[in-house]
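Heads up, the thing below is written out as structure tokens.
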Amino acid sequence: MVEHGDIRVVHRGGSKINSREPVVTNDSRFLLCASGERVKVFSTSTEECVHDLRGHTDLVTGVLLRPTNHLQVYSCSVDGTVRLWDFTDGILIKVQLDYCSVCVTCSWLMFDIVCMCVCAELFQLVAVHLPQSGDQLVEAQELSAVLSNVSSNPAATGFGRGVRAPPLRSPNAPPGAITYPKTDSPHLLTTQRKGGKNTLMCIACHPKDDCIATGHEDGKIRLWRNFNHKKEYTYTTLHWHHNAVSSLRFTPEGTNLLSGGLESVLVQWRYNQESERDFLPRLGSAITHIAVSPDGTLFCTSHSDNKITIIQSCVKVSAVIQGLVNGESVRTDLMVDPRSKSLVLNGKPGHLQFYSLQRDKLLYNLDIVQQEYIHELGLQQFEVVKVAFDAPGNWMATVEERKPKAAEPEINLKLWAFDEQTQSFVLNTTVSAPHEAQITSMCFSQAADGQTSMLVSASEDGHFKAWQLPRSAYEGPSWSCDFVGDYRGLAPQCCCFSADGSLLAVSFQEVVTVWSPASWELLTTLSQPPKAIRDLCFGRLGCSKYLMGTTASNLLCCWNLLTCSLEWSTSMDVSLLLSDPLTENMAAFCCQAESTDLFVFKPSEPRPVASLKAVCSGKVTRAVFAPREEMLESCEESSQWLNRSQLYFLTQHMLFIDDSVAMTPFYLLLGKHRKQENQDSLTRLSAELMPLPRGSLAIKELLQSPAHVLPSTSVLCSMFVESLLVSVADGSEESKHAEEEMESEKEEEDSEGEMESRTPRPEPASPGLQSAESAAPALTKAQLKELRRVKKLDHGWLADLLLS
Amino acid sequence: MGEFKVHRVRFFDYMPAAIRAMAFNRRTERLALARADGALEIFNFADNYFQEKVIPGQDGRAVEALCWVGRRLFSAGLNGEITEYDLENLRPRYTVEAYGGPIWTISAVAYSLSGCVPCQVGCEDGTVKMFEVLEDRIQFQRNLDRQKGRIISLCWHPSASLIAAGMMDMIRIFDVETGKGVGASKSKEVVVWSIAFLSDHTIISGDSAGKVQIWDGLTGTLARTHLVTKWDVLALSDESSLVAGTSEGTVVQFQFLSSTLDGQNKDWVRTRTFKNHSHDVRALVHTETAVVSGGMDTQLVVRPLLDKVEKNTQESAMRKMAFPHRSLVCCAKKAGLLLFQFPDHLELWRLGESDGHGNPGDSLPVKRKPEKLIQLKRKGEDHICCSALSPCGGWLAYSTVTSFRLYRLQNNTISITKVSKLPKDLRSAHQLCFSTDSSRLFASSINSSVVVVALNQPECKYLHTLKPKSGEQQPTTASVSLSVRLQLHCTVPVYGSCPTAIAIHPTSSNLVVVHADQQIFEYSLVQKEYTEWSRRLQKQGLHSLWLERDTPITHVTFNPKHPAHIILHDMFMFCVIDQSLPLPEAKTRLFNQMILRSLPEPMRILHRHAFKMCKTFQNLMCVRLLEDHSLVVVERPLLDIMSQLPAPVRQKRFAT
């Protein structure tokens, strides 16, 4: 196909749809929301994504319907452009370039003529008059600063009745201040009490009356009136929320005020009769934004679990648009459900989410903890910490844990059976307190016969337990403990079954013990001092005789289980090791100097099949191989490993980068990471962009890849044209990153041998390392033998390197 | 400051009575306040909210409503009587029976017509009775149309031609000329606790269903309902802004605002909510700048409206008045006895003793516990208004509005004998004081006169009456001490603010006067002029923190060992003023005792100043220095008072 197929990291979705408040169109049929670098158009009735408005090159920070044309929408972005779209057809109408594009980090759109945006560091409110011209590309010239020192929180700025006198908020004044620039003299309204937690969180202006509603950190809502007088302003306090009010909105007629917060209850206050209020409780998670359709019939609430709820007239939830939930942290590993091929990870608190990678859509949530979630800060909740699936996907095991302060952790092990009729998992067995301490690892046996399943869990209490489903169950099968194993009182770290399920490897600090699950006898021990084993992994298919392990002393070891000896080892700081269940390949993520490298190799030979430098910044903590729906026929060596499956990974910037990223040569760079990503990743982005036109690689890819894997033509065209334009501009603009670009270019041109040279392989063979190892005090005879054998290994490729 | 051995007394179970009614006189800026035990208090809002006058209560007198007519004060109660008070002599002047059963409310026209002022009362039997206020009495004029059910609340229209009456389930408007009802507004099964009639014929009512309702008085239709609480709205007070008190202890403000900034259509909007009370708010007053509220929790709260006053000034601070602005404790310095004054009895206690020694701040072991020697019940139905104990502990005197009693105490045997023969002039007293050698008794009596009585062993002898020459105001609160001067010695220059405490120095004969605005003057009786120190103090000015304190100094005394020391106290601190030290500059820290302690010796001298204040003891009722140089501190923690209050009718709980 392509003789020079390069592998790229692309953003596959799962971006936040709750970062800004959604917009409902005038006819209430569509809902628009900013999602990463795109604007997504959802249908309010079917919850489906109708269009993806792609074109921004950075995070979209604001979406606004054009007041003069209801079928058009403005969007603004951190890249400094304001674009006008026709959202019914998904067409970009106009690109408007803002000259201060470099410093815009946050912007909001408020009016047709005036666009308000906030510049970085200064946080100024700037009015931009968008010129009315027919050109595609317009540069906005007229800029006027309205107010300096505004808050970076978009919810803390509001616009009142009439363009001339918008009430605004200023954070340099003491907390709880509102500025009201009447004609030209802004003044502050302050409400201050000593010790009061009344920091302003959000603001809303009444559409008809001169009344400002502010939400505060202590859960109070204040309605300010009479604020044109310097002193005689007055306010009403409404108090229902017990935590900070995160969003406030008046209905279009001004008859109701909607508020929401952590309690995940939408509160509707009658304007001027505030003692009467309606509640819509149990919305699932904390409300971050509230939007109301222009006719007032639909309310939309964005939630902290990346969800948009559409509510009809404050009584009925009519639709839920759910994105990839990213909680505070992903405690479970990324898992692929063998049946639905969906990604499984922590979702809502106490839930597992099943996320379709192909369709970028949440399939369903499974309630694991099955307890009422109490929305309160600082409360210790049950969390799902481990998930495991057996090979055919009939069984799922989950571990949930709650660790109260100064108390023993509460641990539950739950086993779920797949129910064919309901097509979901049904709870089969609950084991409370399966271990006395935290469970460190858990895996199912990869039994080939598919009949007997076995689960092994290892815990810090020094035991590992095997759980089995007894055959002769007379009142429905349930799981029970079959075997408890330990080794010299050490705490087991990882456990792993071999591909055929005949061997179980359990690591106890620096010792790997290999057990036979059939007879539960300790077959052998392998050890690699001085540091503890961090990761264990059996080879698959042809390489199933190998056991891979990483140690805390930055060593990647491969044991041959037939000879019970170390086959090879290399020194690299592997943060994550995982095997592809469909091929022999294994992937190792190496964290070096703030960025992560990826190596793909086969356990049988100590040379990488493929290696990628600087896949992303930060440490990769979770990754998974997901099988492809259809196999690819790539003959090229460096990308062959991706023929059957794709690799997804989560980076450490978990809070900001919620992307699962796929490695495949066939996706164009469509979108990139979330906001607040550091400059590094941005430059890398451009580095990856660069080679596109030069090698005319993109064109070849476009022409040769099947149509169904390509994005829509309109997007490709603009991308293509853009890439041609940018290449010149970038060179002058980003001179300080030129060096990195050069490097990436070189990577493209260099041969495969060159690629290999970049792997940090030579070290284990070098005499320096050997001496270091022999200097280590306690080396057993077996280990010495091992070392000698390693030395004899074929290091021809190293010689190659030295010569070149 | 020196070290003192301190008797920390916490066995004075003083319980103030609940506030039942209030009336504010805008012209004189006096607030009249009625308590549940029938006592009346007059606060001067122009003079730092000082409690000027106290009229003691009476058994069976339950004041339900108060009203000012000019400078005259009337009250009506459930005993069916209307009482006018003599504010000069601090006693009821006369009582008129209304013949209509218990009276729930009384209301007078806000401004006085020429000559006669009509005044109305609402009675249990459903009649509204009109009285004419004459020069020296009030006279029944006529009844308005009799209604079914009791009249709970009344309010005049500012034009004085209409009156609105709140009743059970109904609001009725009467024409004053004809006495006929002209309109009625009905609501269901509620008690209209309070009502306000505005000049634009808007009637605002607060009822037992927790609603504040705004009615159109011309048509009798309901314009708007504000649900304020789930329980009763008990008190209502109006202006262009209106406040409503609830049985939850909250006070809600409503304001007449336009919805747009330049708009004309105004509306009553609920604005602020104040939560300063733990119990029902029974009485409310809306002054120009503040909301004054009182209720079952016995505290008077003045809450300034921040949109009416300058921010961060003394005026904008909230005030809570819990204790009376006079001393209810009397101390025999030589004998170590304490006399506690309650409305219906007196208690005499002997202080405990300790011979332990310890570091500053330690609590010493008590060798002999304090003991209650005598509990003396008063006679008659009038409450005790003042009492005194002689420094030697041999004489005890108390007075009610109608009677005066003097007792001889035998400390060793704990016996008490009443002195039967008393001089005629000594019928009642507002203030009592013994001389330091316990040989004379001074009593301030009717018509601002001071009666001097010589105390000998068997009986007492009338000596002299000091009468003011001109119409001077009587020293109602200040206590006179020490020496007898049989002729008018001199007149101290008049200062604008009321004195809260005075004392004459035992050796130098300097008079120290502390005023309600926290100013301190020292006047030399020998030279008949202000002393050098007093002049210096006035020149430099007092420290701003001193002036910002919100409770008045209730007692001044001197330290016999250090003649330059003046000891004074208010509710939250006591202070030793050392006249030999430099006065504090405006920028120095006033409360510097803790800092001084941490400084090395030479640095201390640099930082010392005349005002040495101690806040270790809180909620002080009394601070006295005994002969043996130990200090008696009588505390009454507000929490103890709170815990002794009856359970609130309604209490808002979280998430209800």
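Quick notes
- Cross-link pairs exceeding 26 Å between alpha carbons, from the set B:Lys266/B:Lys652; A:Lys16/A:Lys208; B:Lys333/B:Lys369; B:Lys333/B:Lys615; A:Lys316/B:Lys266: B:Lys266/B:Lys652; A:Lys16/A:Lys208; A:Lys316/B:Lys266.
- Computed from point charges on the beta carbon alone (+1 for Lys and Arg, -1 for Asp and Glu), the dipole magnitude for segment A:368-416 about its Cα centre is near 100 Debye.
- Summing Cβ point charges (Lys, Arg +1; Asp, Glu -1) relative to the Cα centre of segment B:323-467 gives a dipole of roughly 400 debye.
- Label point distance in nm, B:Gln618-A:Asn153, each placed 7 Å from Cα along Cα→Cβ: 3.2
- In this structure, the amide hydrogen of B:His157, modeled 1.01 Å from its nitrogen in the peptide plane, lies closer than 5 angstrom to those of B:Leu162, B:Ile163, B:Ala164, counting only residues at least 5 positions away or on a different chain.
- Sum of -39500 (n - 2.57) over DSSP H runs of 4+, divided by residues of chain B (222 nm, nearest 500): -1000 deg cm²/dmol
- Distance between segment A:525-582 and segment B:316-364 - C-alpha centres, whole angstrom: 83
- Dipole magnitude of segment B:259-339 about its Cα centre (Cβ charges: Lys, Arg +1; Asp, Glu -1), debye to nearest 20: 520
- Per-pair calculated FRET efficiency, R0 = 35 Å: B:Lys561 and B:Ser598 via Cβ, rounded to 0.05: 0.85
- In this calculation the C-beta distance from B:Ser580 to B:Val6 is compared with R0 = 25 Å, giving a FRET efficiency of 0.60.
- Taking every residue in B:268-275 and counting other chain Cβ atoms within 10 Å of its Cβ, the average works out to 5.
- Using the Cβ of B:Asp297 as centre and a radius below 14 Å, the other residues enclosed give a net charge of +3, where K and R count +1 and D and E count -1.
- Segment A:312-444: C-alpha gyration tensor shape, a/c 1.5 cut-off, then a/b vs b/c: oblate
- Taking 19 Å as the cut-off, the amide N atoms of segment B:38-60 that come nearer than this to a point 7 Å along the Cα-to-beta-carbon line of B:Arg27 belong to B:42-47.
- Taken residue by residue and averaged, Cβ atoms of other chains lying within 10 Å of the Cβ of A:268-275 number 3.
- By other beta-carbon atoms within 10 Å, ranking B:Lys180, B:Lys188 with the fewest at the front produces B:Lys188, B:Lys180.
- Between B:Ala317 and A:Asp295, the simple label model (points 7 Å from Cα in the Cβ direction) yields a spacing of 6.0 nm.
- Förster-model FRET efficiency, 51 Å R0, B:Ser630 and B:Val526, C-beta, rounded to 0.05: 0.95
- Positive-end residue, chain B charge dipole about Cα centroid, Cβ charges, pick of B:Ser194, B:Ala454, B:Gly352: B:Gly352
- With neighbours defined as other Cβ atoms within 10 Å of a residue's Cβ, the residues B:Val252, B:Val401 order from fewest to most as B:Val401, B:Val252.
- Likely footprinting exposure, B:Glu97, A:Glu400, fewest C-beta neighbours within 10 Å first: B:Glu97, A:Glu400
Readers should treat all values here as calculations from the given coordinates under stated rules, not as data from a laboratory. From a predicted model like this one, the values you see are computed outputs, not experimental measurements. FYI the Cβ positions are ideal-geometry reconstructions off the backbone, even for glycines, and counts take in every protein chain you see.
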